[in-house]
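This is the structure, below, for whatever I ask next.
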Amino acid sequence: MTIRVTILWAVLIGAGPLACASQKVEPQVASSAAQTHYAVEYPDHLQSMANDYVNTEGDVRRITTDFPKYPGQLKDPPWPLVVTIVNRADEAGRSASYVEARRDFEATQSFFAQEREEITRKMAGSAQYVIKKKEECDVDVSGAISSSFKDAVQKQSEKRLRAHSDAYTLIERYRESLGKANAAALEKQADDISEASYVTFIRAAELKARTTALLQEAAQVQKTLDQSIADERTFQAEAGRAAGDKKASADRVAKMEDAKVRIERAVPPLQSLEKEIDQRNTALKKEYGDALETLRKAVEAKATSK
């Protein structure tokens, strides 16, 4: 499930109640529930959604647990500036520019995680061919390419994300005054604050919308699978079908039957999540807000004591 799909559903669902009866919200995107390929993948989407929400809560708790350590990671910085950086990082996390950049960042990370092995294999193959042709030796460069490729993607992704935060702009402006160590520490802290803010206020709300949208598709997905199974069996019974075609069709039926079973298992937990997600999102906001306010007060206290 991609970040952009999640966002799209959130926008369409959120905008729907605001539209007049005579108006249509553009673009009009049809559900994929009537399509076989989507129906087969549907149980994976259900499970992914449940996992994504648990991970969202975990991300906020993981990050905010470290908030009390932040002041101690800095050595005599200009504390009033640190207060401003903390505030700007929090604001960035829910700003339109940062949110769009964050979507790109997460989409890139997801793509890289899924395709890294294949891309690295092809890059290493090309590099080894050139080396062998020029140096007449066989060298395995896959490990070095994989590591450097991963680091380069991560650093460039972070750089592009930071360009959408005024917290980072301030760090750049005062880099010499802050010193190398303080600047590096503040970059990491600002990254984490912005991420926690984004996860709390944006991603959690998007997951709520997507959860509702997925559950609304369940009945149609089941109908799609039933019809597709019937179509495949009709196809298998037609005269003149080759053995290979029948075998491939039977394999498709097996996948669809398996999807039906998995949907029955995955829907009830997601229905339970939908019932309690508002309460959990409210608790998540309070958890983040309390942690941020404690950090803000700790930094402000150092600023006023100087």
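Each reported figure results from applying straightforward, stated rules to the coordinates on display, with no laboratory input. It should be emphasised that the depicted structure is a prediction, and the values quoted were computed from it without experimental measurement. So basically every Cβ, Gly included, is an ideal-geometry build from the backbone, and we count neighbours across all protein chains shown.
For segment 158-205, what number results from the quotient of the Cα radius of gyration and 2.2 N^0.38 Å? Don't skip to the answer; put the middle values down first.
Working: Rg = 11.8 Å, N = 48, 2.2 N^0.38 = 9.6 Å.
Here the Cα radius of gyration is 1.23 times the empirical estimate.
Moving to a separate point now. Where Lys and Arg each count +1 and Asp and Glu each count -1, what net charge lies around residue 264 among other residues with Cβ under 12 Å from its Cβ? Could you put the intermediate results ahead of the total?
Values: positive: 260, 262, 265; negative: 257, 258.
Spelling it out: positives minus negatives among the neighbours equals +1.
How large is the convex hull of the C-alpha atoms of segment 226-292 per residue, in Å³? Spell out each step's value before the answer.
Numbers: hull volume 7.3 nm³, N = 67.
Roughly 109 Å³ of hull volume per residue.
A further question follows. Based on the mean of other beta carbon atoms within 10 Å per residue, what is the order of 247-253, 223-229, 164-170, most packed first?
Details: 247-253: 14.4, 223-229: 17.3, 164-170: 20.9.
The most tightly packed comes first, giving 164-170, 223-229, 247-253.
Extension gain residue 73-residue 148, at 0.36 nm per residue separation less the Cα-Cα distance, in nm? All intermediate terms of the calculation are to be shown ahead of the outcome.
Working: separation 75, 0.36 × 75 = 27.00 nm, distance 2.84 nm.
Full-extension gain reported as 24.2 nm.
What Rg and what Dmax come out for segment 155-259 when only alpha-carbon atoms are used, in angstroms?
26.8, 81
Please go through the residue pairs 255/275; 223/255; 75/188; 208/255; 208/285; 24/255 and name each one whose alpha carbons sit more than 25 Å apart in this structure. Before the final figure, lay out each step's value.
Numbers: 255/275 30 Å; 223/255 15 Å; 75/188 15 Å; 208/255 28 Å; 208/285 14 Å; 24/255 37 Å.
The pairs that break the limit, which is 25 Å between Cα atoms, are 255/275; 208/255; 24/255.
Just to confirm a number: summing +1 for Lys and Arg and -1 for Asp and Glu over residues other than residue 204 whose beta-carbon lies under 12 angstrom from that of residue 204, what do you get? List each step's numbers first, then the result.
On the way: positive: 94, 203, 208, 210, 280, 285; negative: 52, 57, 59, 206, 278, 287.
Net of charged neighbours comes to 0.
Give the shape of segment 19-84 as rounded, prolate or oblate, defined through the alpha-carbon gyration tensor: a ≥ b ≥ c are the square roots of its eigenvalues, a/c under 1.5 means rounded, and otherwise the shape is prolate if a/b is larger than b/c and oblate if not.
On the way: a/c = 5.12, a/b = 2.02, b/c = 2.54.
It is oblate, given that a/c is not under 1.5 and a/b is not larger than b/c.
I need the calculated FRET efficiency for the pair residue 155 and residue 176, taking r as the beta carbon distance and R₀ as 25 Å, to the nearest 0.05. Let's see the in-between values first.
Details: r = 22 Å, r/R0 = 0.88.
For residue 155 and residue 176, the calculated efficiency is 0.70.
Which order do peptides 28-36, 100-108 fall in by mean Cβ count within 10 Å, highest first?
On the way: 28-36: 13.9, 100-108: 17.3.
Descending packing order for the listed peptides: 100-108, 28-36.
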